[in-house]
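To start, I am sharing the structure in question, which I have written as structure tokens.
The values are calculated or read from the model by the stated rules, or taken from the named source; none is laboratory data. As the structure is a prediction and not an experimental result, all values here were calculated from the model. Backbone-built Cβ (ideal geometry, glycine too); neighbour counts: all protein chains shown. The area values use the complete protein model at the heavy-atom level, side chains included, leaving out ligands, DNA and RNA. Shrake-Rupley method; radii C 1.70, N 1.55, O 1.52, S 1.80 Å.
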Amino acid sequence: MTGSLVIAGLGPGSDALVTPEVSAALARASDVVGYIPYVARVAARPGLTLHASDNRVEIDRARQALGLARDGRRVVVVSSGDPGVFAMASAVFETIEAGPPAWRDLDIRVLPGITAMLAAAARAGAPLGHDFCAINLSDNLKPWGLIERRLRLAAKADFAMAFYNPRSRSRPDGFARTLDILNDACRDTRPVIFARAVSTAREQISVVPLPEARADMADMRTVVIVGSSATRIIARAGAPFVYTPRSVPA
């Protein structure tokens with residue numbers, strides 16, 4: 001008997017932002033596999049086994065999920081946000097490619113979720129309304145030199161930029177270096193959006209000009225969006241609207 005494997009995104013935090021497709025997959029699951037805080041978002045019920053594991057063991061987690069599916073279980077691997085954006089979908093396919101041929105014949109689906117980047121942009125207005133890029137600032141899986149090169153090229157191309165994993169206790173300096181690079185490359189006051197714990201009770205959104213952005217404004221629960229040179233602010237009572245026009249004059 002062959003089971004199935006679903007790789008699902010739980011969205012940025014609120015249950016209201018979990019898609020019906022993902023909710024249906026969780027309702028059918030016999031096993032849920034994932035990082036401890038993400039598995040904790042799945043309600044326990046009879047017939048469901050929760051397999052929570054620590055951070056930085058993505059390949060081990062993928063192997064466990066594939067083994068359970070091979071044994072006939074209905075497995076859901078959970079990520080926050082969207083599973084294909086700096087999350088578990090890539091780890092699962094990397095594991096399949098390096099693993100036994102039988103894994104390739106499993107019933108495997110990826111179910112999208114609302115990313116923290118898109119939820120943060122929606123809270124602010126439409127800062128990603130024109131061309132943009134997303135960069136993971138963690139150097140755990142790639143060298144800092146590559147991150148710096150991509151930052152400078154993205155600034156040169158005048159993309160709006162969304163940053164994941166800007167700052168942690170083990171990486172306290174990378175985001176400060178990022179801000180130094182952007183200030184050097186951009187030399188303007190484009191808006192920077194700090195969106196922490198979006199869609200949860202602890203949500204915090206702030207907008208500051210690039211020269212006033214500080215590293216201590218971000219942590220691992222923060223998504224940072226930096227506008228392009230065309231990004232605009234609409235002042236109003238309360239938080240401003242931030243948007244990037246859809247068109248560029250010829």
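Conditions tested, residue by residue: (1) touching a helix residue (DSSP H, G or I) at 6+ places or on another chain (Cβ under 6 Å); (2) among the basic types (Lys, Arg); (3) open to solvent by less than 10 Å² (accessible area, probe 1.4 Å).
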{"site": "Arg152", "(1), (2), (3)": "yes, yes, no"}
{"site": "Phe194", "(1), (2), (3)": "yes, no, yes"}
{"site": "Ala197", "(1), (2), (3)": "no, no, yes"}
{"site": "Ile205", "(1), (2), (3)": "yes, no, no"}
{"site": "Ala213", "(1), (2), (3)": "yes, no, no"}
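For segment 1-24, which positions are part of a helix (DSSP H, G or I), open to solvent by 10 Å² or more (accessible area, probe 1.4 Å) and in contact (Cβ under 8 Å) with a residue 60 or more places away in the chain? Working first, answer last.
So the first thing to find is which residues in segment 1-24 are part of a helix (DSSP H, G or I), and the list is 15-17, 20-24.
Pick out the ones that are also open to solvent by 10 Å² or more (accessible area, probe 1.4 Å) and you get 15-17, 20-21, 23-24.
Those that are part of a helix (DSSP H, G or I), open to solvent by 10 Å² or more (accessible area, probe 1.4 Å) and in contact (Cβ under 8 Å) with a residue 60 or more places away in the chain: Ala16, Leu17, Glu21.
Within segment 161-169, does at least one residue satisfy the condition of being at pLDDT below 95, surrounded by fewer than 20 Cβ atoms within 10 Å (Cβ to Cβ) and not β-branched (Val, Ile, Thr)?
Yes, the conditions are met somewhere in segment 161-169.
Here's something else I'd like to know. If you take just the helices (runs of 4 or more DSSP H) that sit entirely in segment 69-174, which of them hold at least 1 residues that are in contact (Cβ under 8 Å) with a residue 40 or more places away in the chain and under 21 Å from Met217 (Cα atoms)? Quick ask: steps written out before the conclusion?
Working: elements: 88-98, 116-124, 144-156.
By residue number, 116-124.
What residue, of Val224, Val198, is in a loop (DSSP other than H, G, I, E, B) and of a type in the set (A, V, I, L, M, F, W, C)? Walk me through it before giving the result.
Values: Val224 fails: in a loop (DSSP other than H, G, I, E, B).
Answer to the check: Val198.
Also: Looking at (1) assigned to a strand (DSSP E or B); (2) open to solvent by 20 Å² or more (accessible area, probe 1.4 Å), which one does Pro249 not meet, given that it meets all the others?
With respect to (1) assigned to a strand (DSSP E or B); (2) open to solvent by 20 Å² or more (accessible area, probe 1.4 Å), Pro249 is out only on (1).
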